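Enquirer: First the structure, which I've put down as C-alpha coordinates, then a few questions once you've had a look.
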Amino acid sequence: MLNRRQFLQSTAALSVASFMPDSSYAQPFALKKMGVQLFSVPKLLDKDFAGTLKMLAQMGYKEVELYGPFPFSAPSAHERWNAVTPSLGFKGSGYFGHTAKEVKKILKENGLTTPSIHTDLDTLKNRMNALGEAGHELGFTYVGLPAIPDELRKNLDAYKRLADDFNKIGESAKKVGLRFAYHNHGYGLVEMEGKVPVELLLEQTDPSLVFFEMDLYWTTAGGVDPITYLTKYANRYKLLHIKDMAKKVKFSGDGGDASQWIALFPFMTDAGSGVLDLKSIIAKAQEIGVEHYIVEQDMVAAPDTSLKKSFDFLSKL
(Lines give C-alpha, C1' and ligand atoms only; values in the text may rest on other atoms or scores of the structure.)
Protein backbone atom coordinates (compact mmCIF):
# COMPACT_ATOMS: atom_id res chain seq x y z
CA MET A 1 0.00 0.00 0.00
CA LEU A 2 1.08 3.59 -0.63
CA ASN A 3 2.14 5.63 2.39
CA ARG A 4 0.94 9.23 2.74
CA ARG A 5 4.07 10.76 1.15
CA GLN A 6 3.94 8.41 -1.86
CA PHE A 7 0.23 9.13 -2.27
CA LEU A 8 0.81 12.89 -2.30
CA GLN A 9 3.67 12.56 -4.82
CA SER A 10 1.54 10.42 -7.12
CA THR A 11 -1.40 12.80 -6.85
CA ALA A 12 0.81 15.77 -7.68
CA ALA A 13 2.21 14.03 -10.75
CA LEU A 14 -1.28 13.23 -11.99
CA SER A 15 -2.39 16.79 -11.42
CA VAL A 16 0.46 18.16 -13.54
CA ALA A 17 -0.24 15.65 -16.32
CA SER A 18 -3.91 16.60 -16.40
CA PHE A 19 -3.03 20.15 -17.44
CA MET A 20 -0.96 19.01 -20.42
CA PRO A 21 -2.79 19.28 -23.78
CA ASP A 22 -1.96 15.75 -24.84
CA SER A 23 0.22 13.29 -22.96
CA SER A 24 1.51 11.87 -26.25
CA TYR A 25 3.56 15.06 -26.70
CA ALA A 26 5.14 14.80 -23.25
CA GLN A 27 7.64 12.19 -24.28
CA PRO A 28 9.19 10.92 -27.53
CA PHE A 29 6.87 8.57 -29.35
CA ALA A 30 7.98 5.33 -30.93
CA LEU A 31 6.44 3.09 -33.56
CA LYS A 32 6.19 -0.29 -31.90
CA LYS A 33 5.65 -2.13 -35.16
CA MET A 34 6.77 -0.89 -38.52
CA GLY A 35 5.80 -2.50 -41.78
CA VAL A 36 7.04 -2.50 -45.33
CA GLN A 37 5.05 -2.77 -48.55
CA LEU A 38 6.56 -5.64 -50.54
CA PHE A 39 6.34 -3.68 -53.80
CA SER A 40 9.50 -2.05 -52.45
CA VAL A 41 11.46 -5.26 -53.09
CA PRO A 42 9.73 -7.22 -55.90
CA LYS A 43 12.86 -8.31 -57.74
CA LEU A 44 14.45 -9.68 -54.58
CA LEU A 45 11.24 -11.53 -53.74
CA ASP A 46 11.23 -13.02 -57.24
CA LYS A 47 14.70 -14.44 -56.68
CA ASP A 48 14.46 -15.44 -53.02
CA PHE A 49 11.13 -14.94 -51.27
CA ALA A 50 12.10 -16.44 -47.90
CA GLY A 51 15.54 -14.82 -47.90
CA THR A 52 14.10 -11.37 -48.62
CA LEU A 53 11.57 -11.62 -45.79
CA LYS A 54 14.39 -12.68 -43.49
CA MET A 55 16.39 -9.61 -44.55
CA LEU A 56 13.44 -7.31 -43.77
CA ALA A 57 12.94 -8.94 -40.38
CA GLN A 58 16.63 -8.55 -39.54
CA MET A 59 16.34 -4.83 -40.28
CA GLY A 60 13.68 -4.64 -37.59
CA TYR A 61 10.45 -4.66 -39.56
CA LYS A 62 7.59 -6.56 -37.92
CA GLU A 63 4.90 -6.32 -40.60
CA VAL A 64 4.69 -6.72 -44.36
CA GLU A 65 1.97 -5.67 -46.78
CA LEU A 66 1.50 -8.08 -49.68
CA TYR A 67 0.46 -6.98 -53.16
CA GLY A 68 -1.53 -8.87 -55.79
CA PRO A 69 -2.60 -10.44 -57.94
CA PHE A 70 -2.92 -13.61 -55.88
CA PRO A 71 -3.78 -17.14 -57.01
CA PHE A 72 -7.44 -16.46 -56.15
CA SER A 73 -7.59 -13.02 -57.83
CA ALA A 74 -10.04 -12.31 -60.64
CA PRO A 75 -8.82 -13.16 -64.19
CA SER A 76 -8.93 -9.46 -65.11
CA ALA A 77 -6.36 -8.74 -62.41
CA HIS A 78 -3.95 -11.29 -63.86
CA GLU A 79 -4.51 -9.90 -67.36
CA ARG A 80 -3.72 -6.35 -66.26
CA TRP A 81 -0.66 -7.54 -64.36
CA ASN A 82 0.69 -9.58 -67.26
CA ALA A 83 0.31 -6.53 -69.51
CA VAL A 84 2.59 -4.35 -67.36
CA THR A 85 5.21 -6.82 -66.08
CA PRO A 86 7.38 -6.72 -69.22
CA SER A 87 8.10 -3.05 -68.53
CA LEU A 88 8.62 -3.65 -64.80
CA GLY A 89 11.32 -6.28 -65.17
CA PHE A 90 9.71 -8.84 -62.84
CA LYS A 91 6.58 -11.00 -62.72
CA GLY A 92 6.17 -12.04 -59.12
CA SER A 93 3.25 -11.02 -56.93
CA GLY A 94 0.93 -12.41 -54.28
CA TYR A 95 2.54 -15.50 -52.78
CA PHE A 96 5.43 -15.57 -55.28
CA GLY A 97 4.84 -19.18 -56.23
CA HIS A 98 4.25 -20.41 -52.68
CA THR A 99 1.06 -21.64 -51.08
CA ALA A 100 -0.67 -19.60 -48.39
CA LYS A 101 0.42 -22.21 -45.86
CA GLU A 102 4.06 -21.85 -46.93
CA VAL A 103 3.88 -18.06 -46.77
CA LYS A 104 2.40 -18.26 -43.27
CA LYS A 105 5.26 -20.52 -42.17
CA ILE A 106 7.93 -18.21 -43.59
CA LEU A 107 6.35 -15.19 -41.93
CA LYS A 108 6.16 -16.96 -38.58
CA GLU A 109 9.79 -18.13 -38.78
CA ASN A 110 10.84 -14.50 -39.17
CA GLY A 111 8.56 -12.99 -36.55
CA LEU A 112 6.53 -11.20 -39.21
CA THR A 113 2.81 -10.61 -39.61
CA THR A 114 0.82 -9.33 -42.58
CA PRO A 115 -1.98 -7.09 -41.34
CA SER A 116 -2.92 -5.84 -44.80
CA ILE A 117 -2.76 -6.68 -48.49
CA HIS A 118 -3.30 -4.81 -51.74
CA THR A 119 -5.62 -6.29 -54.31
CA ASP A 120 -7.76 -5.10 -57.23
CA LEU A 121 -11.29 -3.75 -57.65
CA ASP A 122 -12.65 -6.77 -59.53
CA THR A 123 -11.45 -9.18 -56.83
CA LEU A 124 -12.84 -6.92 -54.10
CA LYS A 125 -16.22 -6.77 -55.80
CA ASN A 126 -16.55 -10.39 -56.86
CA ARG A 127 -14.23 -12.60 -54.80
CA MET A 128 -14.59 -11.40 -51.23
CA ASN A 129 -15.14 -14.94 -49.91
CA ALA A 130 -11.73 -15.94 -51.30
CA LEU A 131 -10.20 -12.86 -49.68
CA GLY A 132 -11.84 -13.84 -46.41
CA GLU A 133 -10.40 -17.35 -46.59
CA ALA A 134 -6.94 -15.93 -47.32
CA GLY A 135 -7.27 -13.47 -44.46
CA HIS A 136 -8.20 -16.26 -42.08
CA GLU A 137 -5.18 -18.28 -43.24
CA LEU A 138 -2.57 -15.49 -43.16
CA GLY A 139 -4.03 -13.26 -40.48
CA PHE A 140 -4.56 -10.02 -42.40
CA THR A 141 -7.46 -7.72 -41.55
CA TYR A 142 -7.28 -4.97 -44.18
CA VAL A 143 -7.86 -5.53 -47.89
CA GLY A 144 -6.69 -2.46 -49.75
CA LEU A 145 -7.36 -1.03 -53.17
CA PRO A 146 -4.05 0.54 -54.28
CA ALA A 147 -5.36 2.25 -57.41
CA ILE A 148 -8.54 2.99 -59.34
CA PRO A 149 -8.50 1.93 -63.01
CA ASP A 150 -8.24 4.91 -65.38
CA GLU A 151 -11.59 4.28 -67.03
CA LEU A 152 -13.45 4.41 -63.70
CA ARG A 153 -12.38 7.92 -62.63
CA LYS A 154 -13.04 10.13 -65.66
CA ASN A 155 -15.51 12.49 -63.99
CA LEU A 156 -17.25 13.25 -60.71
CA ASP A 157 -20.19 10.96 -61.47
CA ALA A 158 -17.69 8.12 -61.79
CA TYR A 159 -16.36 8.91 -58.31
CA LYS A 160 -19.92 8.95 -56.97
CA ARG A 161 -20.42 5.45 -58.37
CA LEU A 162 -17.14 4.43 -56.76
CA ALA A 163 -18.37 5.69 -53.39
CA ASP A 164 -21.40 3.39 -53.75
CA ASP A 165 -19.14 0.51 -54.78
CA PHE A 166 -16.84 1.15 -51.82
CA ASN A 167 -19.77 0.96 -49.39
CA LYS A 168 -20.85 -2.36 -50.88
CA ILE A 169 -17.30 -3.72 -50.78
CA GLY A 170 -16.93 -2.57 -47.18
CA GLU A 171 -20.14 -4.33 -46.23
CA SER A 172 -19.11 -7.59 -47.89
CA ALA A 173 -15.66 -7.35 -46.29
CA LYS A 174 -17.19 -6.96 -42.86
CA LYS A 175 -19.25 -10.12 -43.36
CA VAL A 176 -16.08 -12.20 -43.81
CA GLY A 177 -14.19 -10.54 -40.96
CA LEU A 178 -12.18 -8.06 -43.03
CA ARG A 179 -11.94 -4.29 -43.43
CA PHE A 180 -11.80 -2.51 -46.78
CA ALA A 181 -9.31 0.36 -47.20
CA TYR A 182 -8.69 2.68 -50.16
CA HIS A 183 -5.09 3.75 -50.78
CA ASN A 184 -4.91 7.10 -52.52
CA HIS A 185 -2.63 7.57 -55.48
CA GLY A 186 -1.80 10.91 -57.10
CA TYR A 187 -5.18 11.52 -58.70
CA GLY A 188 -8.39 12.70 -57.13
CA LEU A 189 -6.74 15.45 -55.10
CA VAL A 190 -7.50 18.32 -57.48
CA GLU A 191 -10.97 19.82 -57.70
CA MET A 192 -13.15 18.27 -60.40
CA GLU A 193 -16.50 19.80 -61.29
CA GLY A 194 -16.55 21.76 -58.04
CA LYS A 195 -15.50 18.91 -55.72
CA VAL A 196 -12.25 17.21 -54.73
CA PRO A 197 -12.85 13.51 -55.60
CA VAL A 198 -10.96 12.07 -52.62
CA GLU A 199 -13.01 14.26 -50.29
CA LEU A 200 -16.17 13.00 -51.98
CA LEU A 201 -15.06 9.41 -51.31
CA LEU A 202 -14.32 10.26 -47.69
CA GLU A 203 -17.65 12.00 -47.19
CA GLN A 204 -19.95 9.68 -49.14
CA THR A 205 -18.74 6.38 -47.72
CA ASP A 206 -19.76 4.76 -44.45
CA PRO A 207 -17.08 5.35 -41.76
CA SER A 208 -17.87 1.95 -40.25
CA LEU A 209 -17.31 0.14 -43.55
CA VAL A 210 -14.75 2.09 -45.59
CA PHE A 211 -11.30 3.01 -44.28
CA PHE A 212 -8.35 4.78 -45.86
CA GLU A 213 -4.62 4.30 -46.28
CA MET A 214 -2.83 7.58 -46.85
CA ASP A 215 0.22 7.64 -49.11
CA LEU A 216 2.26 10.57 -47.85
CA TYR A 217 4.26 11.01 -51.05
CA TRP A 218 1.37 11.03 -53.50
CA THR A 219 -0.78 13.14 -51.19
CA THR A 220 1.95 15.78 -51.03
CA ALA A 221 2.57 15.57 -54.78
CA GLY A 222 -1.14 16.20 -55.28
CA GLY A 223 -0.83 19.49 -53.43
CA VAL A 224 -2.42 18.42 -50.15
CA ASP A 225 -0.87 18.70 -46.68
CA PRO A 226 -1.17 15.20 -45.10
CA ILE A 227 -1.82 16.68 -41.65
CA THR A 228 -4.80 18.63 -43.03
CA TYR A 229 -6.56 15.44 -44.13
CA LEU A 230 -5.51 13.46 -41.06
CA THR A 231 -7.07 16.21 -38.94
CA LYS A 232 -10.20 16.79 -41.01
CA TYR A 233 -10.97 13.10 -41.49
CA ALA A 234 -9.54 11.81 -38.23
CA ASN A 235 -11.72 8.72 -37.95
CA ARG A 236 -11.04 7.42 -41.45
CA TYR A 237 -7.32 6.78 -41.79
CA LYS A 238 -6.10 3.45 -40.39
CA LEU A 239 -2.91 2.85 -42.40
CA LEU A 240 -0.07 5.09 -43.57
CA HIS A 241 2.35 4.63 -46.47
CA ILE A 242 5.60 6.35 -45.58
CA LYS A 243 8.10 7.58 -48.13
CA ASP A 244 10.06 10.82 -48.17
CA MET A 245 10.54 13.44 -50.89
CA ALA A 246 14.04 14.65 -51.80
CA LYS A 247 12.64 18.10 -52.55
CA LYS A 248 9.11 19.47 -52.61
CA VAL A 249 7.59 18.53 -55.96
CA LYS A 250 4.06 18.47 -57.38
CA PHE A 251 2.45 16.90 -60.39
CA SER A 252 2.63 18.85 -63.61
CA GLY A 253 -1.14 18.48 -63.92
CA ASP A 254 -3.91 16.78 -61.97
CA GLY A 255 -1.90 13.62 -61.25
CA GLY A 256 -4.25 11.59 -63.36
CA ASP A 257 -1.90 9.73 -65.67
CA ALA A 258 1.13 7.49 -65.35
CA SER A 259 3.52 9.89 -67.08
CA GLN A 260 3.05 12.39 -64.23
CA TRP A 261 3.76 9.72 -61.60
CA ILE A 262 6.86 8.44 -63.38
CA ALA A 263 8.23 11.99 -63.59
CA LEU A 264 8.24 12.18 -59.78
CA PHE A 265 9.72 8.76 -59.05
CA PRO A 266 13.32 10.14 -58.95
CA PHE A 267 12.38 12.34 -55.98
CA MET A 268 11.40 9.45 -53.71
CA THR A 269 13.93 8.96 -50.94
CA ASP A 270 14.54 7.22 -47.63
CA ALA A 271 12.51 8.36 -44.64
CA GLY A 272 14.38 11.19 -42.93
CA SER A 273 16.47 12.03 -46.00
CA GLY A 274 13.93 14.38 -47.54
CA VAL A 275 11.83 17.45 -46.85
CA LEU A 276 8.62 15.95 -45.47
CA ASP A 277 7.99 16.67 -41.79
CA LEU A 278 7.54 13.00 -40.94
CA LYS A 279 7.79 13.57 -37.21
CA SER A 280 4.80 15.92 -37.16
CA ILE A 281 2.82 13.81 -39.63
CA ILE A 282 3.33 10.61 -37.66
CA ALA A 283 2.58 12.37 -34.37
CA LYS A 284 -0.77 13.44 -35.82
CA ALA A 285 -1.36 9.94 -37.22
CA GLN A 286 -0.76 8.40 -33.81
CA GLU A 287 -3.04 10.98 -32.21
CA ILE A 288 -5.98 10.03 -34.47
CA GLY A 289 -5.48 6.28 -34.19
CA VAL A 290 -3.67 5.18 -37.34
CA GLU A 291 -2.92 1.51 -36.73
CA HIS A 292 -0.24 0.53 -39.26
CA TYR A 293 2.83 2.45 -40.48
CA ILE A 294 4.20 1.00 -43.70
CA VAL A 295 7.38 2.07 -45.46
CA GLU A 296 7.04 2.01 -49.24
CA GLN A 297 9.80 2.92 -51.65
CA ASP A 298 8.53 1.62 -54.97
CA MET A 299 11.09 -0.78 -56.47
CA VAL A 300 13.85 0.93 -54.51
CA ALA A 301 17.28 0.58 -56.12
CA ALA A 302 19.24 -0.37 -52.98
CA PRO A 303 16.70 -1.94 -50.60
CA ASP A 304 19.30 -3.38 -48.23
CA THR A 305 20.51 0.12 -47.32
CA SER A 306 17.51 2.35 -48.10
CA LEU A 307 14.91 0.37 -46.20
CA LYS A 308 17.28 0.05 -43.25
CA LYS A 309 17.84 3.82 -43.22
CA SER A 310 14.09 4.38 -43.23
CA PHE A 311 13.60 1.93 -40.37
CA ASP A 312 16.40 3.45 -38.30
CA PHE A 313 15.06 6.97 -38.75
CA LEU A 314 11.46 6.12 -37.94
CA SER A 315 12.35 3.96 -34.96
CA LYS A 316 14.17 6.88 -33.33
CA LEU A 317 11.43 9.50 -33.70
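Enquirer: Which of the residues spanning the range 104-153 are of a type in the set (A, V, I, L, M, F, W, C), part of a helix (DSSP H, G or I) and under 14 Å from residue 166 (Cα atoms)?
Expert: If we filter the range 104-153 for residues that are of a type in the set (A, V, I, L, M, F, W, C), which is where we start, we get 106-107, 112, 117, 121, 124, 128, 130-131, 134, 138, 140, 143, 145, 147-148, 152.
From the residues that got through so far, the ones that are part of a helix (DSSP H, G or I) too are 106-107, 121, 124, 128, 130-131, 134, 138, 152.
Selection gives 121, 124, 128, 152.
Enquirer: Of all residues being in contact (Cβ under 8 Å) with a residue 24 or more places away in the chain and of a type in the set (Val, Ile, Thr) in the range 95-129, which is nearest to residue 76 (Cα to Cα)? Just the residue, please.
Expert: Among those residues, the one meeting the criterion is 123.
Enquirer: Return the residues of the range 169-178 that are buried (at least 16 other Cβ atoms within 10 Å of the Cβ) and assigned to a helix (DSSP H, G or I); say none if nothing qualifies.
Expert: 169, 170, 172, 173
Enquirer: So, one more: Output the number of the condition that residue 208 fails; it satisfies all remaining conditions of (1) polar (S, T, N, Q); (2) closer than 17 Å to residue 144 by Cα; (3) touching a Pro at 6+ places or on another chain (Cβ under 8 Å).
Expert: It fails just one condition, (3).
Enquirer: Let me ask you something else. Going by what's in this entry, would residue 276 be described as at pLDDT below 90 and surrounded by 14 or more Cβ atoms within 10 Å (Cβ to Cβ)? I'd like the intermediate steps shown before the answer.
Expert: Working: at pLDDT below 90: no; surrounded by 14 or more Cβ atoms within 10 Å (Cβ to Cβ): yes.
Judged against the criteria, residue 276 is not a match.
Enquirer: Given (1) free of Cβ contacts under 8 Å to residues at least 40 places away in the same chain; (2) under 20 Å from residue 71 (Cα atoms); (3) buried (at least 21 other Cβ atoms within 10 Å of the Cβ), identify the lone condition not met by residue 86.
Expert: (3)
Enquirer: In addition: Among the residues of the range 242-299, write down those that are within 24 Å of residue 87 (Cα to Cα), outside any loop (DSSP other than H, G, I, E, B) and among the hydroxyl-bearing types (Ser, Thr, Tyr).
Expert: Selection gives 259, 269.
Enquirer: Sticking with this one: What pairs come up if the first residue lies in the range 134-157 and is free of Cβ contacts under 8 Å to residues at least 60 places away in the same chain and surrounded by 17 or more Cβ atoms within 10 Å (Cβ to Cβ), the second is of a type in the set (Val, Ile, Thr) and assigned to a loop (DSSP other than H, G, I, E, B), and their beta carbons are under 9 Å apart, counting only those six or more places apart or on different chains?
Expert: 135/141; 135/176; 143/119; 145/119
Enquirer: Restricting to the range 41-62, what's the tally of residues that are assigned to a helix (DSSP H, G or I) and either of a type in the set (Ser, Thr, Tyr) or on the phi > 0 side of the Ramachandran plot (or both)? Before the answer, list the steps.
Expert: Of the range 41-62, the ones assigned to a helix (DSSP H, G or I) are 42-47, 49-59.
Okay, now just the ones that are also either of a type in the set (Ser, Thr, Tyr) or on the phi > 0 side of the Ramachandran plot (or both), so 52.
Number satisfying all stated conditions: 1.
Enquirer: Could you check how many residues of the range 172-187 are in contact (Cβ under 8 Å) with a residue 40 or more places away in the chain and either touching a helix residue (DSSP H, G or I) at 6+ places or on another chain (Cβ under 8 Å) or among the charged types (D, E, K, R) (or both)? If you could, list the steps in order and put the result at the bottom.
Expert: So in the range 172-187, the residues in contact (Cβ under 8 Å) with a residue 40 or more places away in the chain come out as 172-173, 175-181, 183, 185-187.
From what is left, the residues that are either touching a helix residue (DSSP H, G or I) at 6+ places or on another chain (Cβ under 8 Å) or among the charged types (D, E, K, R) (or both) are 172-173, 175-180, 185-187.
Count: 11.
Enquirer: Which residue out of 102, 109 is of a type outside the set (A, V, I, L, M, F, W, C), farther than 24 Å from residue 311 by Cα and surrounded by fewer than 19 Cβ atoms within 10 Å (Cβ to Cβ)? Break it down stepwise before answering.
Expert: Values: 109 fails: farther than 24 Å from residue 311 by Cα.
Answer to the check: 102.
Enquirer: Within the range 179-206, track down each residue that is farther than 26 Å from residue 79 by Cα and assigned to a loop (DSSP other than H, G, I, E, B).
Expert: So in the range 179-206, the residues farther than 26 Å from residue 79 by Cα come out as 189-206.
Passing the criteria: 189, 190, 191, 193, 194, 196, 204, 205, 206.
Enquirer: Looking at (1) closer than 20 Å to residue 259 by Cα; (2) surrounded by fewer than 17 Cβ atoms within 10 Å (Cβ to Cβ), find the lone condition where residue 194 falls short.
Expert: Exception for residue 194: condition (1).
Enquirer: Among the listed residues 187, 182, which satisfies the condition of being of a type outside the set (Gly, Ala, Ser), buried (at least 17 other Cβ atoms within 10 Å of the Cβ) and closer than 23 Å to residue 274 by Cβ?
Expert: Numbers: 182 fails: closer than 23 Å to residue 274 by Cβ.
Answer to the selection: 187.
Enquirer: Does the range 21-43 include one or more residues that are farther than 23 Å from residue 270 by Cβ and at pLDDT 95 or above?
Expert: Of all residues in the range 21-43, those farther than 23 Å from residue 270 by Cβ come to 21-27.
Next, only the ones that are at pLDDT 95 or above stay: none.
Checking the range 21-43: not a single residue is farther than 23 Å from residue 270 by Cβ and at pLDDT 95 or above.
Enquirer: Quick test of your reading of the structure: residue 302 fulfils all but one of (1) over 15 Å from residue 230 (Cα atoms); (2) surrounded by fewer than 17 Cβ atoms within 10 Å (Cβ to Cβ); (3) in contact (Cβ under 8 Å) with a residue 24 or more places away in the chain. Name the failing condition by number.
Expert: Tallying (1) over 15 Å from residue 230 (Cα atoms); (2) surrounded by fewer than 17 Cβ atoms within 10 Å (Cβ to Cβ); (3) in contact (Cβ under 8 Å) with a residue 24 or more places away in the chain, residue 302 fails exactly one: (3).
Enquirer: Given the criteria of a type outside the set (Gly, Ala, Ser) and out of contact with any strand residue (DSSP E or B) (no Cβ under 7 Å at 6 or more places or on another chain), does residue 211 qualify? Even if it seems obvious, please write down each step before you answer.
Expert: On the way: of a type outside the set (Gly, Ala, Ser): yes; out of contact with any strand residue (DSSP E or B) (no Cβ under 7 Å at 6 or more places or on another chain): no.
No, not satisfied.
Enquirer: Out of 213, 199, I need the residue that is crowded, with 23+ Cβ neighbours inside 10 Å, out of contact with any helix residue (DSSP H, G or I) (no Cβ under 6 Å at 6 or more places or on another chain), under 30 Å from residue 267 (Cα atoms) and modelled with pLDDT of 95 or more. Which one? Don't jump to the end; show me each part of the working.
Expert: On the way: 199 fails: crowded, with 23+ Cβ neighbours inside 10 Å.
When all the criteria are applied, what remains is 213.
The values are calculated or read from the model by the stated rules, or taken from the named source; none is laboratory data. Source: prediction; values computed, not measured. Cβ sites come from the backbone with ideal geometry, for glycine too, and all protein chains shown count toward neighbours.
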